[in-house]
Amino acid sequence: MAGSANGVKTDREKKRLEREKKIFTPEYVQRNVLLEAVNADSNAPLLERCPHVKVLDLAGLYTVPVTMTRKGDEMCLLGNGMLKSLGLTPDQIYEAARKNTVRRLPVRVIRLDRMIDRKRLIDTRSKRNT
């Protein structure tokens, strides 16, 4: 975690740390943890430091939302140390993440031609607004 150049934490950093202390409880993590798929080979050094589940050439990393905004969620990647400090096992975090991911990010199947038509419509609208 980077502080200012002289090692003193800024007010913004202090506020973020306080927020993380409040939300990073075992209960919060279990209610909100999600699986994020990444390429296993490309992320090998990261996988050494983080709990994960491997499927084919992918690895599922565990992430937890820290801040939710209209533009998207700011996520925190769970590392081995954090999982240990929370007192959660890899099996517990996997089950929670699997359930939460299915609930919060449901799979939608759409025909390719419809997706292309939607993209064209969105592109046309955005060009009109600029």
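The values are calculated or read from the model by the stated rules, or taken from the named source; none is laboratory data. As the structure is a computational prediction, the values presented were derived from the model and not from experiment. Positions of Cβ are generated from backbone atoms using ideal geometry, with glycine treated the same way; all protein chains shown enter the neighbour counts.
Being exposed (fewer than 10 other Cβ atoms within 10 Å of the Cβ), under 19 Å from residue 23 (Cβ atoms), under 14 Å from the mean Cα position of the chain (by Cα) and not charged (D, E, K, R) is a condition met by no residue of the stretch 87-100.
Filtered by the rule that a residue be in contact (Cβ under 8 Å) with a residue 12 or more places away in the chain and farther than 21 Å from residue 87 by Cα, the stretch 30-45 gives 36, 37, 38, 39, 40, 41, 43.
Residue selection: residue 63 satisfies the criterion of being touching a helix residue (DSSP H, G or I) at 6+ places or on another chain (Cβ under 9 Å), in contact (Cβ under 8 Å) with a residue 12 or more places away in the chain and either surrounded by 15 or more Cβ atoms within 10 Å (Cβ to Cβ) or assigned to a helix (DSSP H, G or I) (or both). Close contacts from the stretch 89-106, counting a first residue that is in a helix (DSSP H, G or I) and a second that is surrounded by 15 or more Cβ atoms within 10 Å (Cβ to Cβ) and of a type in the set (Val, Ile, Thr), with Cβ to Cβ under 8 Å and a gap of 6+ residues or different chains, come to 93/29; 93/33; 94/53; 96/29; 96/33; 97/33; 100/33. Kindly indicate the residue of the stretch 53-71 that is within 17 Å of residue 102 (Cβ to Cβ) and under 13 Å from the mean Cα position of the chain (by Cα) and also modelled with the lowest pLDDT among those meeting that condition. Top of the filtered list is 65.
Suppose the filter is surrounded by 14 or more Cβ atoms within 10 Å (Cβ to Cβ), in a strand (DSSP E or B), of a type in the set (D, E, K, R) and under 17 Å from the mean Cα position of the chain (by Cα); does residue 74 pass it? So residue 74 does not fit the description; no.
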